[in-house]
1. Restricting attention to the stretch 177-204, which residues are open to solvent by less than 50 Å² (accessible area, probe 1.4 Å), under 23 Å from His34 (Cβ atoms) and either polar (S, T, N, Q) or out of contact with any helix residue (DSSP H, G or I) (no Cβ under 7 Å at 6 or more places or on another chain) (or both)?
2. Can you tell me which of Ala155, Ala167 is open to solvent by less than 20 Å² (accessible area, probe 1.4 Å), in contact with a strand residue (DSSP E or B) (Cβ under 7 Å, 6 or more places away or on another chain), more than 16 Å from Ser70 (Cβ to Cβ) and not β-branched (Val, Ile, Thr)?
3. Assigned to a loop (DSSP other than H, G, I, E, B), open to solvent by 30 Å² or more (accessible area, probe 1.4 Å), touching a Gly at 6+ places or on another chain (Cβ under 7 Å) and of a type in the set (Lys, Arg) - does that describe any residue in the stretch 122-139?
4. Grab the helices (runs of 4 or more DSSP H) fully contained in the stretch 18-113, keeping just those with 3 or more residues being open to solvent by less than 10 Å² (accessible area, probe 1.4 Å) and among the hydrophobic types (A, V, I, L, M, F, W, C).
5. If Asp83 satisfies all but one of (1) without any contact (Cβ under 8 Å) to a residue 40 or more places away in the chain; (2) under 29 Å from Glu143 (Cβ atoms); (3) out of contact with any Leu (no Cβ under 7 Å at 6 or more places or on another chain), what's the number of the condition it fails?
6. Is there any pair linking a residue in the stretch 105-133 that is touching a residue at least 60 places away in the same chain (Cβ under 8 Å) to one that is open to solvent by 80 Å² or more (accessible area, probe 1.4 Å) and part of a helix (DSSP H, G or I), with Cβ under 7 Å and at least six apart or on different chains, and which?
Amino acid sequence: MSTPTTPSIVFAHGLWADGSCFSKVIPALQADGHEVVSTQNSLDTLEGDVAAVKRALGRVRSPAILVGHSYGGTVITAAGTDDRVAGLVYIAALAPDEDETSQSLQAKFPTTDVFAHIEVSEGRIWLRSDGIECFAGDLSEQEQQLVFATQGVPAADLFDQQVSGTAWKSKPSWYIVGRNDRTVHPELERFCAKRMDASTYEADSSHVPMLSQPGLVLDVIRAAAKSCQGA
């Protein structure tokens, strides 16, 4: 049941995904009484995607929990400094410090398998069909093809862009590590989780635990919401 202190939930997706990648957890959160928005990030500029999340904060009750997947972690790291945000949930996500970009953070760890299956065309970075297994290998073939067909395609320089704000330094954080991730390196994920002193969970999952293990992701978001209730 919704109450005035029930936190809202705002999602931010990453590369080669769109807002529908959270479709398996949104209905349960709505049933719990949360207001929910899953932003549709353009992946044109980091500044624009941060602005999209902040606009979404204006459409739901405060306080809100931000949930970022993959590059969406970079987005919520900047957007989360907003006073309306009470906590942050990172799903196999990047979480750069103030002197880092998404790219410089990634460069500190071994290159993952997915980057052998991308193509740069017309200024965008496309995931090729032979790379979907590196992204969502623990989904059914049908689900993998749906993810591939709905991929959001980033600007080629998106990972080199920077926006000020490092919310995990001042807001409580939760982190889900995908042990079998072949898109963001699991050791990068563990590094980020430890650095932000996050409540950390590990899943035997690909890069998309919200699709392959939605029950775990729901449990973590609920734990964050309960902790931030009335914040």
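1. Ala198
2. Ala167
3. no
4. 46-57, 72-79
5. That leaves (2) as the condition not met.
6. Phe109/Glu187
The values are calculated or read from the model by the stated rules, or taken from the named source; none is laboratory data. Computed from a predicted model, the values in this text were never measured in an experiment. For neighbour counting, all protein chains shown are included, and Cβ atoms are generated from backbone atoms with ideal geometry for every residue, glycine included. Note: accessible area is taken over every heavy atom of the protein model, side chains too, but ligands, DNA and RNA are not part of it. Shrake-Rupley method; radii C 1.70, N 1.55, O 1.52, S 1.80 Å.
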